[in-house]
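A.B. asks: Handing you a structure now.
The values are calculated or read from the model by the stated rules, or taken from the named source; none is laboratory data. It should be emphasised that the depicted structure is a prediction, and the values quoted were computed from it without experimental measurement. Every residue, glycine as well, gets a Cβ built from its backbone with ideal geometry; the counts of neighbours run over all protein chains shown.
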(Lines give C-alpha, C1' and ligand atoms only; values in the text may rest on other atoms or scores of the structure.)
Protein backbone atom coordinates (compact mmCIF):
# COMPACT_ATOMS: atom_id res chain seq x y z
CA UNK A 1 0.00 0.00 0.00
CA UNK A 2 1.36 3.39 -1.04
CA UNK A 3 2.20 5.85 1.76
CA UNK A 4 0.22 8.89 0.60
CA UNK A 5 1.54 11.10 3.41
CA UNK A 6 5.11 10.52 2.21
CA UNK A 7 4.07 11.72 -1.25
CA UNK A 8 2.05 14.68 0.03
CA UNK A 9 4.93 15.79 2.25
CA UNK A 10 6.74 16.59 -1.01
CA UNK A 11 4.08 19.29 -1.47
CA UNK A 12 4.03 20.36 2.21
CA UNK A 13 0.50 18.99 2.54
CA UNK A 14 -0.62 17.19 5.70
CA UNK A 15 -3.00 14.32 5.05
CA UNK A 16 -6.16 14.11 7.17
CA UNK A 17 -8.18 11.69 5.07
CA UNK A 18 -7.83 10.03 1.66
CA UNK A 19 -10.86 8.97 -0.36
CA UNK A 20 -10.37 6.62 -3.33
CA UNK A 21 -12.51 7.94 -6.18
CA UNK A 22 -11.22 5.60 -8.87
CA UNK A 23 -8.33 3.13 -9.20
CA UNK A 24 -6.01 6.00 -10.15
CA UNK A 25 -7.56 9.02 -8.42
CA UNK A 26 -7.49 9.87 -4.70
CA UNK A 27 -9.32 12.80 -3.10
CA UNK A 28 -7.09 14.27 -0.40
CA UNK A 29 -8.48 16.19 2.59
CA UNK A 30 -5.96 18.34 4.46
CA UNK A 31 -5.68 21.57 6.48
CA UNK A 32 -4.18 23.14 3.37
CA UNK A 33 -7.27 22.33 1.27
CA UNK A 34 -8.75 19.56 -0.83
CA UNK A 35 -6.62 18.07 -3.58
CA UNK A 36 -6.70 15.46 -6.31
CA UNK A 37 -3.77 13.02 -6.27
CA UNK A 38 -3.50 11.21 -9.59
CA UNK A 39 -1.51 8.06 -10.25
CA UNK A 40 0.67 8.27 -13.34
CA UNK A 41 1.77 5.17 -15.20
CA UNK A 42 5.57 4.78 -15.29
CA UNK A 43 5.54 4.66 -19.10
CA UNK A 44 4.07 8.18 -19.17
CA UNK A 45 5.97 9.72 -16.26
CA UNK A 46 9.08 10.76 -18.20
CA UNK A 47 7.25 12.75 -20.87
CA UNK A 48 4.27 14.00 -18.89
CA UNK A 49 5.94 17.10 -17.46
CA UNK A 50 7.41 18.08 -20.84
CA UNK A 51 4.03 17.73 -22.52
CA UNK A 52 2.26 19.85 -19.90
CA UNK A 53 4.92 22.55 -20.12
CA UNK A 54 4.69 22.55 -23.93
CA UNK A 55 0.93 23.06 -23.79
CA UNK A 56 1.32 25.91 -21.27
CA UNK A 57 4.13 27.52 -23.27
CA UNK A 58 1.92 27.52 -26.37
CA UNK A 59 -0.57 29.69 -24.49
CA UNK A 60 -3.24 27.14 -23.67
CA UNK A 61 -4.09 27.55 -19.99
CA UNK A 62 -7.53 25.94 -19.65
CA UNK A 63 -6.13 22.82 -18.03
CA UNK A 64 -6.33 22.23 -14.31
CA UNK A 65 -3.16 23.61 -12.63
CA UNK A 66 -0.63 20.97 -11.58
CA UNK A 67 1.34 21.75 -8.43
CA UNK A 68 5.12 21.52 -8.25
CA UNK A 69 6.70 19.63 -5.38
CA UNK A 70 9.37 21.10 -3.10
CA UNK A 71 11.98 20.19 -5.73
CA UNK A 72 10.15 22.10 -8.44
CA UNK A 73 8.97 18.97 -10.27
CA UNK A 74 5.47 18.29 -11.60
CA UNK A 75 5.76 14.54 -10.99
CA UNK A 76 6.63 12.84 -7.70
CA UNK A 77 7.89 9.28 -7.37
CA UNK A 78 6.32 7.05 -4.75
CA UNK A 79 7.41 3.60 -3.65
CA UNK A 80 5.11 1.94 -6.20
CA UNK A 81 4.03 4.54 -8.79
CA UNK A 82 4.42 8.14 -9.93
CA UNK A 83 1.97 10.88 -8.92
CA UNK A 84 0.94 14.44 -9.63
CA UNK A 85 -1.18 16.78 -7.51
CA UNK A 86 -4.00 19.12 -8.57
CA UNK A 87 -6.65 21.19 -6.80
CA UNK A 88 -9.91 19.30 -6.32
CA UNK A 89 -12.60 21.04 -8.34
CA UNK A 90 -16.19 20.52 -7.16
CA UNK A 91 -17.62 20.24 -10.70
CA UNK A 92 -21.01 21.40 -9.45
CA UNK A 93 -22.11 22.80 -12.79
CA UNK A 94 -25.40 21.14 -13.80
CA UNK A 95 -25.32 21.94 -17.51
CA UNK A 96 -27.05 20.08 -20.29
CA UNK A 97 -25.27 17.20 -22.01
CA UNK A 98 -24.90 19.05 -25.30
CA UNK A 99 -23.63 22.21 -23.60
CA UNK A 100 -20.77 20.31 -21.97
CA UNK A 101 -19.93 18.63 -25.27
CA UNK A 102 -19.95 22.02 -27.01
CA UNK A 103 -17.43 23.27 -24.47
CA UNK A 104 -15.32 20.15 -24.95
CA UNK A 105 -15.14 20.66 -28.72
CA UNK A 106 -14.48 24.40 -28.38
CA UNK A 107 -11.61 23.68 -26.00
CA UNK A 108 -10.23 20.96 -28.28
CA UNK A 109 -10.28 23.45 -31.16
CA UNK A 110 -8.59 26.07 -28.96
CA UNK A 111 -5.90 23.62 -27.87
CA UNK A 112 -5.21 22.58 -31.46
CA UNK A 113 -5.26 26.16 -32.77
CA UNK A 114 -2.84 27.49 -30.17
CA UNK A 115 -0.36 24.64 -30.57
CA UNK A 116 -0.60 24.14 -34.34
CA UNK A 117 2.60 23.69 -36.26
CA UNK A 118 3.31 23.05 -39.94
CA UNK A 119 5.67 20.15 -40.58
CA UNK A 120 7.40 19.27 -43.83
CA UNK A 121 6.22 16.15 -45.58
CA UNK A 122 7.79 14.74 -48.72
CA UNK A 123 6.03 13.24 -51.70
CA UNK A 124 7.59 9.87 -50.88
CA UNK A 125 6.15 9.96 -47.35
CA UNK A 126 2.67 10.83 -48.62
CA UNK A 127 2.84 8.12 -51.25
CA UNK A 128 3.98 5.55 -48.69
CA UNK A 129 1.13 6.49 -46.33
CA UNK A 130 -1.43 6.27 -49.12
CA UNK A 131 -0.17 3.01 -50.59
CA UNK A 132 0.17 1.30 -47.19
CA UNK A 133 -3.39 2.18 -46.15
CA UNK A 134 -4.87 1.27 -49.53
CA UNK A 135 -3.03 -2.04 -49.69
CA UNK A 136 -4.20 -2.98 -46.19
CA UNK A 137 -7.81 -2.02 -46.86
CA UNK A 138 -7.97 -3.81 -50.21
CA UNK A 139 -6.32 -6.85 -48.64
CA UNK A 140 -8.94 -7.03 -45.89
CA UNK A 141 -11.74 -6.62 -48.40
CA UNK A 142 -10.30 -9.47 -50.48
CA UNK A 143 -9.94 -11.68 -47.41
CA UNK A 144 -13.59 -11.05 -46.47
CA UNK A 145 -14.65 -11.87 -50.05
CA UNK A 146 -12.73 -15.14 -49.94
CA UNK A 147 -14.39 -15.99 -46.64
CA UNK A 148 -17.80 -15.35 -48.20
CA UNK A 149 -17.01 -17.52 -51.22
CA UNK A 150 -15.90 -20.33 -48.91
CA UNK A 151 -19.11 -20.10 -46.89
CA UNK A 152 -21.30 -20.10 -49.99
CA UNK A 153 -19.90 -23.50 -51.01
CA UNK A 154 -21.10 -25.09 -47.79
CA UNK A 155 -24.39 -26.96 -47.40
CA UNK A 156 -24.90 -25.58 -43.92
CA UNK A 157 -23.99 -22.18 -42.51
CA UNK A 158 -23.49 -21.51 -38.84
CA UNK A 159 -25.33 -18.47 -37.40
CA UNK A 160 -22.06 -16.52 -37.40
CA UNK A 161 -21.31 -17.39 -41.04
CA UNK A 162 -24.81 -16.40 -42.11
CA UNK A 163 -24.47 -13.10 -40.28
CA UNK A 164 -21.08 -12.44 -41.88
CA UNK A 165 -22.51 -13.08 -45.35
CA UNK A 166 -25.36 -10.68 -44.64
CA UNK A 167 -22.97 -7.83 -43.82
CA UNK A 168 -20.50 -8.36 -46.68
CA UNK A 169 -22.07 -6.10 -49.33
CA UNK A 170 -22.33 -3.11 -46.98
CA UNK A 171 -18.77 -3.69 -45.78
CA UNK A 172 -17.39 -3.82 -49.32
CA UNK A 173 -19.20 -0.64 -50.34
CA UNK A 174 -17.99 1.21 -47.26
CA UNK A 175 -14.42 0.11 -48.04
CA UNK A 176 -14.69 1.38 -51.62
CA UNK A 177 -15.99 4.71 -50.31
CA UNK A 178 -13.15 4.98 -47.78
CA UNK A 179 -10.58 4.26 -50.50
CA UNK A 180 -12.22 6.88 -52.74
CA UNK A 181 -11.84 9.48 -49.99
CA UNK A 182 -8.27 8.34 -49.36
CA UNK A 183 -7.51 8.93 -53.05
CA UNK A 184 -9.11 12.37 -52.80
CA UNK A 185 -6.79 13.19 -49.90
CA UNK A 186 -3.74 11.91 -51.77
CA UNK A 187 -4.52 13.96 -54.87
CA UNK A 188 -4.99 17.13 -52.81
CA UNK A 189 -1.74 16.52 -50.92
CA UNK A 190 0.26 16.38 -54.15
CA UNK A 191 0.01 20.17 -54.18
CA UNK A 192 1.30 20.51 -50.59
CA UNK A 193 4.62 19.89 -48.91
CA UNK A 194 3.42 20.51 -45.33
CA UNK A 195 0.88 19.05 -42.92
CA UNK A 196 -0.57 20.37 -39.67
CA UNK A 197 0.20 18.91 -36.27
CA UNK A 198 -0.91 20.11 -32.83
CA UNK A 199 -0.75 18.98 -29.26
CA UNK A 200 -3.79 16.77 -28.93
CA UNK A 201 -5.45 15.81 -25.66
CA UNK A 202 -5.33 12.10 -26.47
CA UNK A 203 -8.46 11.17 -24.51
CA UNK A 204 -11.26 13.64 -25.23
CA UNK A 205 -14.29 13.00 -23.02
CA UNK A 206 -16.87 15.08 -21.18
CA UNK A 207 -15.66 13.25 -18.07
CA UNK A 208 -12.50 15.32 -18.48
CA UNK A 209 -14.41 18.63 -18.29
CA UNK A 210 -14.68 20.09 -14.77
CA UNK A 211 -15.75 23.42 -13.25
CA UNK A 212 -14.46 25.37 -10.27
CA UNK A 213 -16.58 27.23 -7.71
CA UNK A 214 -16.68 30.28 -10.01
CA UNK A 215 -18.05 28.09 -12.84
CA UNK A 216 -14.84 28.45 -14.83
CA UNK A 217 -14.31 25.32 -16.89
CA UNK A 218 -11.12 23.29 -17.29
CA UNK A 219 -9.84 20.22 -19.07
CA UNK A 220 -8.12 17.51 -17.05
CA UNK A 221 -6.11 14.37 -17.78
CA UNK A 222 -3.40 15.39 -20.25
CA UNK A 223 -1.47 12.17 -19.62
CA UNK A 224 -1.87 11.07 -23.25
CA UNK A 225 -1.19 14.48 -24.74
CA UNK A 226 1.23 14.42 -27.66
CA UNK A 227 1.86 16.08 -30.99
CA UNK A 228 -0.18 14.59 -33.85
CA UNK A 229 -2.64 15.61 -36.58
CA UNK A 230 -5.50 17.54 -34.89
CA UNK A 231 -8.15 15.23 -36.35
CA UNK A 232 -6.80 12.35 -34.23
CA UNK A 233 -8.54 13.77 -31.16
CA UNK A 234 -11.88 13.79 -32.97
CA UNK A 235 -11.39 10.33 -34.46
CA UNK A 236 -10.65 8.90 -31.02
CA UNK A 237 -13.72 10.65 -29.53
CA UNK A 238 -16.09 9.36 -32.19
CA UNK A 239 -14.64 5.85 -32.08
CA UNK A 240 -15.62 5.69 -28.41
CA UNK A 241 -18.95 7.48 -28.83
CA UNK A 242 -20.25 5.25 -31.61
CA UNK A 243 -19.27 1.95 -30.00
CA UNK A 244 -22.71 1.45 -28.49
CA UNK A 245 -26.25 0.38 -29.37
CA UNK A 246 -27.77 1.75 -32.63
CA UNK A 247 -28.19 5.54 -32.48
CA UNK A 248 -28.64 8.44 -34.85
CA UNK A 249 -26.63 11.11 -33.11
CA UNK A 250 -27.60 14.48 -34.56
CA UNK A 251 -25.82 16.14 -31.65
CA UNK A 252 -22.59 14.47 -32.79
CA UNK A 253 -22.85 16.39 -36.06
CA UNK A 254 -23.47 19.65 -34.18
CA UNK A 255 -20.41 19.05 -31.98
CA UNK A 256 -18.29 18.43 -35.06
CA UNK A 257 -19.30 21.77 -36.60
CA UNK A 258 -18.77 23.52 -33.28
CA UNK A 259 -15.16 22.42 -33.67
CA UNK A 260 -15.09 23.51 -37.33
CA UNK A 261 -16.25 27.03 -36.43
CA UNK A 262 -13.34 27.42 -34.04
CA UNK A 263 -10.62 25.55 -35.93
CA UNK A 264 -11.74 24.39 -39.39
CA UNK A 265 -10.08 21.48 -41.12
CA UNK A 266 -7.76 22.30 -44.00
CA UNK A 267 -9.13 21.37 -47.43
CA UNK A 268 -7.10 18.16 -47.60
CA UNK A 269 -7.92 17.08 -44.02
CA UNK A 270 -11.67 16.60 -44.47
CA UNK A 271 -11.49 13.67 -46.96
CA UNK A 272 -8.85 11.95 -44.81
CA UNK A 273 -11.03 12.32 -41.69
CA UNK A 274 -14.05 10.90 -43.55
CA UNK A 275 -11.93 8.10 -45.00
CA UNK A 276 -10.69 6.90 -41.62
CA UNK A 277 -14.14 7.10 -40.02
CA UNK A 278 -15.97 5.35 -42.83
CA UNK A 279 -13.56 2.42 -43.14
CA UNK A 280 -15.32 -0.60 -41.53
CA UNK A 281 -12.35 -1.82 -39.48
CA UNK A 282 -14.61 -3.15 -36.71
CA UNK A 283 -16.41 -5.54 -39.08
CA UNK A 284 -13.19 -6.85 -40.60
CA UNK A 285 -11.79 -7.44 -37.13
CA UNK A 286 -14.92 -9.31 -36.02
CA UNK A 287 -15.06 -11.51 -39.12
CA UNK A 288 -11.39 -12.14 -39.87
CA UNK A 289 -9.65 -12.12 -36.49
CA UNK A 290 -8.59 -15.54 -35.18
CA UNK A 291 -10.00 -16.88 -31.93
CA UNK A 292 -8.71 -15.05 -28.89
CA UNK A 293 -5.67 -16.44 -27.11
CA UNK A 294 -5.74 -19.48 -29.38
CA UNK A 295 -8.92 -20.70 -27.72
CA UNK A 296 -12.13 -21.45 -29.54
CA UNK A 297 -14.76 -18.73 -29.10
CA UNK A 298 -18.38 -19.79 -28.81
CA UNK A 299 -20.82 -19.08 -31.63
CA UNK A 300 -22.86 -16.96 -29.25
CA UNK A 301 -19.89 -14.75 -28.38
CA UNK A 302 -18.83 -14.47 -32.01
CA UNK A 303 -22.31 -13.34 -32.98
CA UNK A 304 -22.39 -10.82 -30.14
CA UNK A 305 -19.06 -9.36 -31.22
CA UNK A 306 -20.15 -9.20 -34.86
CA UNK A 307 -23.47 -7.52 -34.07
CA UNK A 308 -21.73 -4.93 -31.87
CA UNK A 309 -19.28 -4.26 -34.69
CA UNK A 310 -22.18 -3.82 -37.10
CA UNK A 311 -23.94 -1.39 -34.74
CA UNK A 312 -20.75 0.64 -34.51
CA UNK A 313 -20.43 0.58 -38.30
CA UNK A 314 -24.00 1.86 -38.80
CA UNK A 315 -23.60 4.58 -36.18
CA UNK A 316 -20.46 5.73 -37.96
CA UNK A 317 -22.15 5.51 -41.34
CA UNK A 318 -24.97 7.85 -40.33
CA UNK A 319 -22.55 10.44 -38.98
CA UNK A 320 -20.28 10.23 -42.03
CA UNK A 321 -23.18 10.60 -44.47
CA UNK A 322 -24.48 13.64 -42.60
CA UNK A 323 -21.02 15.23 -42.80
CA UNK A 324 -20.68 14.37 -46.50
CA UNK A 325 -24.13 15.82 -47.31
CA UNK A 326 -23.34 19.01 -45.40
CA UNK A 327 -19.97 19.45 -47.10
CA UNK A 328 -21.47 18.79 -50.56
CA UNK A 329 -24.14 21.46 -49.95
CA UNK A 330 -21.50 23.93 -48.80
CA UNK A 331 -19.40 23.28 -51.91
CA UNK A 332 -22.44 23.64 -54.17
CA UNK A 333 -23.37 26.93 -52.54
CA UNK A 334 -19.82 28.20 -52.88
CA UNK A 335 -19.74 27.31 -56.60
CA UNK A 336 -23.13 28.92 -57.17
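A.B. asks: For the range 33-46, state whether one or more residues are over 29 Å from residue 231 (Cβ atoms) and not in a strand (DSSP E or B).
C.D. replies: For the range 33-46, residues over 29 Å from residue 231 (Cβ atoms) and not in a strand (DSSP E or B): present.
A.B. asks: Restricting the range 36-61 to residues that are in contact with a helix residue (DSSP H, G or I) (Cβ under 8 Å, 6 or more places away or on another chain) and crowded, with 16+ Cβ neighbours inside 10 Å, which is modelled with the lowest pLDDT?
C.D. replies: Of the residues in the range 36-61, the ones in contact with a helix residue (DSSP H, G or I) (Cβ under 8 Å, 6 or more places away or on another chain) are 37, 40, 55, 58-60.
Filter once more, keeping what is crowded, with 16+ Cβ neighbours inside 10 Å: 37, 40, 55, 58, 60.
Details: 37: 95, 40: 91, 55: 90, 58: 85, 60: 89.
This residue is 58.
A.B. asks: Cβ-Cβ below 6 Å, separation at least six or inter-chain, first residue in the range 94-113 and under 12 Å from residue 209 (Cα atoms), second modelled with pLDDT of 95 or more and part of a helix (DSSP H, G or I): which pairs?
C.D. replies: 101/255; 102/258; 105/255; 105/258; 105/259; 106/262; 108/233
A.B. asks: Also, quick follow-up: Might you check whether a residue that is in contact with a helix residue (DSSP H, G or I) (Cβ under 7 Å, 6 or more places away or on another chain), at pLDDT below 90, assigned to a loop (DSSP other than H, G, I, E, B) and not assigned by TED's automatic domain parsing to the domain that holds residue 238 occurs anywhere in the range 84-99?
C.D. replies: No, the range 84-99 contains no residue that is in contact with a helix residue (DSSP H, G or I) (Cβ under 7 Å, 6 or more places away or on another chain), at pLDDT below 90, assigned to a loop (DSSP other than H, G, I, E, B) and not assigned by TED's automatic domain parsing to the domain that holds residue 238.
A.B. asks: Considering only the range 184-204, how many residues are touching a residue at least 24 places away in the same chain (Cβ under 8 Å) and surrounded by fewer than 16 Cβ atoms within 10 Å (Cβ to Cβ)?
C.D. replies: So the first thing to find is which residues in the range 184-204 are touching a residue at least 24 places away in the same chain (Cβ under 8 Å), and the list is 184-186, 188-190, 192-204.
Remaining after also requiring surrounded by fewer than 16 Cβ atoms within 10 Å (Cβ to Cβ): 190, 192-194.
So the answer is 4.
Here's the yes/no breakdown for (1) in the same structural domain as residue 257 (by TED's automatic domain parsing); (2) within 30 Å of the chain's Cα centre (by Cα); (3) at pLDDT 90 or above:
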{"site": "19", "(1), (2), (3)": "no, yes, yes"}
{"site": "64", "(1), (2), (3)": "no, yes, no"}
{"site": "76", "(1), (2), (3)": "no, yes, yes"}
{"site": "114", "(1), (2), (3)": "yes, yes, yes"}
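A.B. asks: Criterion first (modelled with pLDDT of 95 or more, surrounded by 18 or more Cβ atoms within 10 Å (Cβ to Cβ) and over 17 Å from the mean Cα position of the chain (by Cα)) does residue 230 satisfy it? Steps first, please.
C.D. replies: Details: modelled with pLDDT of 95 or more: yes; surrounded by 18 or more Cβ atoms within 10 Å (Cβ to Cβ): yes; over 17 Å from the mean Cα position of the chain (by Cα): no.
When the stated conditions are applied, residue 230 does not pass them.
A.B. asks: With respect to residue 315, determine if the residue is in contact (Cβ under 8 Å) with a residue 60 or more places away in the chain and either surrounded by 15 or more Cβ atoms within 10 Å (Cβ to Cβ) or over 20 Å from residue 174 (Cβ atoms) (or both). Lay out the reasoning, then the answer.
C.D. replies: Working: in contact (Cβ under 8 Å) with a residue 60 or more places away in the chain: yes; either surrounded by 15 or more Cβ atoms within 10 Å (Cβ to Cβ) or over 20 Å from residue 174 (Cβ atoms) (or both): yes.
Yes: the conditions hold for residue 315.
A.B. asks: Six or more apart or on different chains, Cβ under 7 Å: which pairs go from a residue in the range 131-158 that's touching a residue at least 24 places away in the same chain (Cβ under 8 Å) to one that's in a loop (DSSP other than H, G, I, E, B)? Could you list them?
C.D. replies: What qualifies is 137/279.
A.B. asks: Could you say whether any residue in the range 50-62 is outside the structural domain of residue 166 (by TED's automatic domain parsing) and within 24 Å of residue 241 (Cα to Cα)?
C.D. replies: First pass over the range 50-62, keeping only residues outside the structural domain of residue 166 (by TED's automatic domain parsing): 50-62.
This time we only want the ones that are within 24 Å of residue 241 (Cα to Cα), so: 62.
Yes: the range 50-62 contains one or more residues that are outside the structural domain of residue 166 (by TED's automatic domain parsing) and within 24 Å of residue 241 (Cα to Cα).
A.B. asks: Let me ask something else about it. For the range 143-158, enumerate the residues that are in a helix (DSSP H, G or I) and more than 19 Å from residue 313 (Cβ to Cβ). Show your work before the answer.
C.D. replies: Looking only at the range 143-158, we keep the residues that are in a helix (DSSP H, G or I), and these are 143-152.
146, 149, 150, 151, 152, listed by residue number.
A.B. asks: Considering every residue within the range 269-288, establish whether at least one is assigned by TED's automatic domain parsing to the domain that holds residue 143 and touching a strand residue (DSSP E or B) at 6+ places or on another chain (Cβ under 8 Å). Steps first, answer last, please.
C.D. replies: At the first step, the residues of the range 269-288 found to be assigned by TED's automatic domain parsing to the domain that holds residue 143 are 269-288.
This time we only want the ones that are touching a strand residue (DSSP E or B) at 6+ places or on another chain (Cβ under 8 Å), so: 269.
Looking through the range 269-288, at least one residue is assigned by TED's automatic domain parsing to the domain that holds residue 143 and touching a strand residue (DSSP E or B) at 6+ places or on another chain (Cβ under 8 Å).
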